Amino acid sequence: MNKIFNFEINLGVSLTTVEKIYQNFISITGNNNRMDKNEFRRLYKEMYLNGQNGNNIAPFITDHDLNKMSDHVFETYDFDASGRIFYFYFSK
């Protein structure tokens, strides 16, 4: 939980949001706590679409654009180039 609190301070993201991201990460990855690129794409898209709720402006970002953006973020956090990220990597 301490790392979650540090994540909140370092990125300026609310603790509630960080906890939700962590819970989503754990629910997707299960006991192995590792997420591959396809799982990450799905989580990233879900987070984007949830952020659009209540927004009257039509989203101009296509699935292709979301995949490119999520792939870039994924590769940024895949420190060991294993094709999987751990929440520990993602929270740094």
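The values are calculated or read from the model by the stated rules, or taken from the named source; none is laboratory data. Note that the structure is a prediction, hence the values are computed from the model and not measured. Here the Cβ positions follow ideal geometry from the backbone for every residue, glycine too, while neighbour counts run over all protein chains shown.
Below are the figures for this structure:
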quantity: Only one of Thr16, Thr29 that is part of a helix (DSSP H, G or I), buried (at least 16 other Cβ atoms within 10 Å of the Cβ), at pLDDT 75 or above and of a type in the set (Val, Ile, Thr); calculated: Thr29
quantity: Helices (runs of 4 or more DSSP H) enclosed by the stretch 32-92 - at least 3 residues per element that are modelled with pLDDT of 85 or more; calculated: 37-52, 63-77
